[in-house]
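The values are calculated or read from the model by the stated rules, or taken from the named source; none is laboratory data. Fair warning: this is a prediction, and the values are worked out from it, not measured in the lab. FYI the Cβ positions are ideal-geometry reconstructions off the backbone, even for glycines, and counts take in every protein chain you see.
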Amino acid sequence: MTPRSDTAGRMLMKALAPQAQRMAGRAAPPERMHADSGAVDGDGPTGFSAALVPFLQAAGSPAAAVQRTRAETMIDSATGKSAATYYDTVLGLFGLGFAEGRYRFAPSGQLELEWEKTCRTASARP
């Protein structure tokens, strides 16, 4: 979620590249990963998928589409309601909201909201 011009973000993406590769072919992110061995257990909840979408997109991983589709199952398309837990819903808001361009971070670290641009434009009209 760091700006493309951020050198720390590029270093972080390089360090995390193996995680993007690990997601290839997985239906879900692992629920747990053991730091000492790298072994993974279980499938994480849908919120984990949503949280990974921006990272996988930035990494250019085809797994981004799979995880986005899985994350979108949190919302029942017929009713528009979510059966997800609070934490999954919040991860969904952050991950999918960023992936959809609803917000981003400026190089200064300031939060930039997409709808603020729309509101400024609308208020500038006579």
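Determine, yes or no, whether Arg102 is basic (Lys, Arg) and either at pLDDT below 90 or surrounded by 15 or more Cβ atoms within 10 Å (Cβ to Cβ) (or both). Write out each step before concluding.
Details: basic (Lys, Arg): yes; either at pLDDT below 90 or surrounded by 15 or more Cβ atoms within 10 Å (Cβ to Cβ) (or both): no.
Considered against the rule, which asks whether it is basic (Lys, Arg) and either at pLDDT below 90 or surrounded by 15 or more Cβ atoms within 10 Å (Cβ to Cβ) (or both), Arg102 comes out as no.
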Restricting attention to the range 1-39, report how many residues are hydrophobic (A, V, I, L, M, F, W, C) and touching a residue at least 12 places away in the same chain (Cβ under 8 Å).
9
Filter the range 61-77 down to the residues that are in contact (Cβ under 8 Å) with a residue 24 or more places away in the chain and either of a type outside the set (A, V, I, L, M, F, W, C) or over 23 Å from Arg10 (Cα atoms) (or both) and list them by number.
Ser61, Pro62, Val66, Gln67, Arg68, Arg70, Ala71, Glu72, Thr73, Met74
Considering residues that are under 24 Å from Arg22 (Cα atoms), modelled with pLDDT under 90 and surrounded by 15 or more Cβ atoms within 10 Å (Cβ to Cβ), the number found within the range 73-99 is 1
